[in-house]
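The values are calculated or read from the model by the stated rules, or taken from the named source; none is laboratory data. Just so it is clear, the model here is predicted, and its values are computed rather than measured. For neighbour counting, all protein chains shown are included, and Cβ atoms are generated from backbone atoms with ideal geometry for every residue, glycine included. Accessible surface is based on the protein model in full, side chains and every heavy atom, while ligands, DNA and RNA are left aside. Shrake-Rupley method; radii C 1.70, N 1.55, O 1.52, S 1.80 Å.
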Amino acid sequence: MGMNHLPQVLPSLKFNQAVKRVFHHYWTFRGRARRSEYWWFKLFEMLAFFLANCLDTLITNFILNHFNLHFRGSVGVLTLIVFVGLLLPDLAVFWRRFHDIGRSGWYWLVFFVPIVLSTVLASFTYAGSIFFGILGLVAFAALLAFCCLDSRKEINKYGPSPKYK
């Protein structure tokens, strides 16, 4: 009488564990990432952008008021630094998240290509820009839905599951 071996589910990562793991695998596009790792890092990323944007606003307003200057608006320096600093780990954790559900990380292009086309076409025609902008939003929603899927229990071509033992 054989018993079916059910995989043991490991506990979800906590916020600090997930962020440390993503930064530890800053350059790693191989392997798999759990939902908790991906979504906790997304929360960290949003908090970092919010904080950088608040600091940029405070600094800009202080400088403008102090020197009586006029400002038309742009991305702040701190926000730009946060964006550049988090771009690679964000892409890497997305890549590994897709590996975890058995898909290639190249699905990222499904979102990237329409956004680039929308931006390029904006200088030529509004209709093309709007079309590819909407297409980019639809692609983003689809990629977001994929990131919500559960880990594959079995070992796939990207490695063993980080969720199941």
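List the number of the failed condition for ALA33; all other conditions in (1) open to solvent by 20 Å² or more (accessible area, probe 1.4 Å); (2) outside any helix (DSSP H, G or I) hold.
Going through (1) open to solvent by 20 Å² or more (accessible area, probe 1.4 Å); (2) outside any helix (DSSP H, G or I) one by one, ALA33 breaks only (1).
Quick test for you: out of THR28, THR79, pick the one residue that is touching a residue at least 24 places away in the same chain (Cβ under 8 Å), farther than 18 Å from LEU149 by Cα and not in a helix (DSSP H, G or I).
Numbers: THR79 fails: not in a helix (DSSP H, G or I).
Result: THR28 is the single residue among THR28, THR79 that is touching a residue at least 24 places away in the same chain (Cβ under 8 Å), farther than 18 Å from LEU149 by Cα and not in a helix (DSSP H, G or I).
Would you pick out the residues in the range 11-29 that are exposed (fewer than 13 other Cβ atoms within 10 Å of the Cβ) and over 28 Å from THR79 (Cβ atoms)?
PRO11
Answer yes if at least one residue in the range 114-130 is of a type outside the set (A, V, I, L, M), part of a helix (DSSP H, G or I) and open to solvent by 70 Å² or more (accessible area, probe 1.4 Å), and no otherwise. Break it down into steps so the answer makes sense when it comes.
In the first step, residues of the range 114-130 are kept if they are of a type outside the set (A, V, I, L, M); the result is 114, 118-119, 123-126, 128-129.
Next, from what is left, pick out any that are part of a helix (DSSP H, G or I): 114, 118-119, 126, 128-129.
Pick out the ones that are also open to solvent by 70 Å² or more (accessible area, probe 1.4 Å) and you get 119, 126.
Within the range 114-130, one or more residues are of a type outside the set (A, V, I, L, M), part of a helix (DSSP H, G or I) and open to solvent by 70 Å² or more (accessible area, probe 1.4 Å).
Taking the range 137-159 only, how many residues are part of a loop (DSSP other than H, G, I, E, B) and either open to solvent by 60 Å² or more (accessible area, probe 1.4 Å) or modelled with pLDDT under 90 (or both)? Walk me through it before giving the result.
In the first step, residues of the range 137-159 are kept if they are part of a loop (DSSP other than H, G, I, E, B); the result is 148-155, 157-158.
Still in the running and either open to solvent by 60 Å² or more (accessible area, probe 1.4 Å) or modelled with pLDDT under 90 (or both): 148-150, 152-155, 157.
Residues that pass the stated criteria total 8.
Residues in the range 88-111: is at least one without any contact (Cβ under 8 Å) to a residue 60 or more places away in the chain, touching a Ser or Thr at 6+ places or on another chain (Cβ under 6 Å) and either open to solvent by 50 Å² or more (accessible area, probe 1.4 Å) or part of a helix (DSSP H, G or I) (or both)?
no
Quick check, is PRO7 in contact with a strand residue (DSSP E or B) (Cβ under 7 Å, 6 or more places away or on another chain) and either assigned to a loop (DSSP other than H, G, I, E, B) or surrounded by fewer than 16 Cβ atoms within 10 Å (Cβ to Cβ) (or both)? It would help to see each step written out before you state the result.
On the way: in contact with a strand residue (DSSP E or B) (Cβ under 7 Å, 6 or more places away or on another chain): yes; either assigned to a loop (DSSP other than H, G, I, E, B) or surrounded by fewer than 16 Cβ atoms within 10 Å (Cβ to Cβ) (or both): yes.
The answer is yes for PRO7.
If we scan the range 65-77, do we find a residue that is under 19 Å from PHE140 (Cα atoms) and either aromatic (Phe, Trp, Tyr) or under 13 Å from the mean Cα position of the chain (by Cα) (or both)? Quick ask: steps written out before the conclusion?
At the first step, the residues of the range 65-77 found to be under 19 Å from PHE140 (Cα atoms) are none.
Looking through the range 65-77, none of the residues is under 19 Å from PHE140 (Cα atoms) and either aromatic (Phe, Trp, Tyr) or under 13 Å from the mean Cα position of the chain (by Cα) (or both).
Kindly provide the set of residues from the range 130-146 that are touching a helix residue (DSSP H, G or I) at 6+ places or on another chain (Cβ under 6 Å) and over 13 Å from TRP108 (Cα atoms), ordered by number.
Our first condition is that a residue be touching a helix residue (DSSP H, G or I) at 6+ places or on another chain (Cβ under 6 Å); within the range 130-146, this holds for 132-133, 135-136, 139-140, 143.
Hits for the range 130-146 are PHE132, GLY133, LEU135.
If you scan the range 58-86, which residues turn out to be open to solvent by less than 90 Å² (accessible area, probe 1.4 Å) and modelled with pLDDT of 80 or more?
ILE59, THR60, GLY76, LEU78, THR79, VAL82, GLY85, LEU86
Answer yes or no as to whether LEU55 is surrounded by fewer than 17 Cβ atoms within 10 Å (Cβ to Cβ), free of Cβ contacts under 8 Å to residues at least 24 places away in the same chain and in contact with a helix residue (DSSP H, G or I) (Cβ under 6 Å, 6 or more places away or on another chain). First the steps, then the outcome.
Working: surrounded by fewer than 17 Cβ atoms within 10 Å (Cβ to Cβ): yes; free of Cβ contacts under 8 Å to residues at least 24 places away in the same chain: yes; in contact with a helix residue (DSSP H, G or I) (Cβ under 6 Å, 6 or more places away or on another chain): yes.
Spelling it out, LEU55 is indeed surrounded by fewer than 17 Cβ atoms within 10 Å (Cβ to Cβ), free of Cβ contacts under 8 Å to residues at least 24 places away in the same chain and in contact with a helix residue (DSSP H, G or I) (Cβ under 6 Å, 6 or more places away or on another chain).
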